[in-house]
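Reviewing the structure listed below.
Every number in this text was worked out from the coordinates using simple rules, so none of it is lab data. Quick caveat, the model's predicted, so the values are computed rather than measured. A quick note on method: Cβ atoms are made from the backbone with ideal geometry, for glycine too, and the neighbour counts reach across all protein chains shown.
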Amino acid sequence: MNQPTQIAKAEAFRRLHDGSKLLVLPNAWDVASARLYEAAGFSAIATTSAGVAWTLGYPDGEEIRRETILEAVQRITTRVSLPVTADMVAGFGPRPEDTAETVRGVIAAGAVGLNLEDGTGDPDNPLVEVSLHVEKVRAARAAAAAAGVPVVINARTDVFLAAVGTPDTRLDHAIRRANAYREAGADSLFVPGVQDSETIGHLARSIAGPLNILARAGTPPISELARLGVARVSVGSGPMLAALGRLRRIAAELLGTGTFAAMTEEAISYAEMNNLLKATLAPEKE
């Protein structure tokens, strides 16, 4: 992707966070899912680190190589015209320099945004020190500026998702972290793991930047999230898990009743899926 096009996409993606309308951001795990989202009429697409990792045979997290996940991101960006933001877990490395390298890779892959989380996956030490994550966000901002692409940084705190501390301390803790990341240069602030309207509204009022919420069972509907002041809602690995749930039903039916209803109900036709991908396929060079 040439730089002017990528800059234009980054600027368009940034404008989608201005609060004039809640940004509904679906998460893709491959080109097929991304093309389906584009055809459905979304304004932008995110990737899901879990979905990409599972597709390639890895558990979620940073056990997959950075280059491997970026290859998957690039396959998506080359086949959709929408802005794409990449879920890059915790930046692939403990140092701010590692995060900067990840941002350069995201830009090279054609994406115009990235998620950067402060979770460690370690139950005994579930969050990166706030000062270190601030430095990671600053390094990401500097790397994007040096590349000349205004990448949208979605800084995520896992205070609620990892159930850090006692329940009565989590709200203030998440707000402190989100505001520190915002001051360091994050464009939007992602607080997954919150479900109730009162907490979501408090976060939206207290965080000094656009709030991103993760949708899952029990999340208020989009109209309510918009009323509460949420700027962006994403779905994470939910759609892929739903698709895999249907696949498990198909498998059980094939081995059980020997019928095909789960496989054929609501299925996209072969021709539609084939044409959807053919429409964006560039001719192979000789």
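Quick notes on this one:
- Annotation: amide H-H contacts under 5 Å for residue 190 (H modelled 1.01 Å from N, sequence separation of 5 or more, or interchain): 155, 156, 157, 212.
- Theoretical FRET efficiency, 1/(1+(r/R0)^6), r = Cβ-Cβ of residue 277 and residue 168, R0 45 Å, to 0.05: 0.35
- Shape call, region 215-286: gyration tensor on alpha carbons, a/c limit 1.5: oblate
- When the chain is treated as a GNM with alpha-carbon contacts under 10 Å, the residue of 108, 217, 145 showing the greatest mean-square fluctuation is 217.
- Cα centroids of region 221-286 and region 1-58: 16 Å apart.
- Toward the positive end of the charge dipole of the chain, with +1 on the Cβ of Lys and Arg and -1 on the Cβ of Asp and Glu, the farthest Cα among 64, 42, 119 is that of 42.
- Residue order, fewest to most beta carbons within 10 Å, for 24, 73: 24, 73
- The overall shape of region 3-237 is rounded: from the C-alpha gyration tensor, with semi-axes ordered a ≥ b ≥ c, the ratio a/c is less than 1.5.
- Dividing the helix sum by the residues of the chain, where each DSSP H run of 4 or more adds -39500 (n - 2.57), gives a mean residue ellipticity at 222 nm of -15000 deg cm²/dmol.
- Where GluC sites (Glu not before Pro) fall in DSSP loop in region 50-99, at most 15 other Cβ within 10 Å: 63
- Of the residues 157, 169, 55, the one with the fewest other Cβ atoms within 10 Å heads the list, and the complete ranking is 169, 55, 157.
- Choice from 213, 45, 268 showing the highest fluctuation, given a GNM over the chain with Cα pairs closer than 10 Å: 268
- Peptide packing: for 271-277, 133-139, 82-88, the average count of neighbouring Cβ atoms within 10 Å per residue gives the ranking 82-88, 133-139, 271-277, highest mean first.
- Cα gyration tensor category, rounded, prolate or oblate, for region 62-201 with a/c compared to 1.5: prolate
- Sequence-distant residues sharing a close amide H with residue 127 (under 5 Å, placed H): 120
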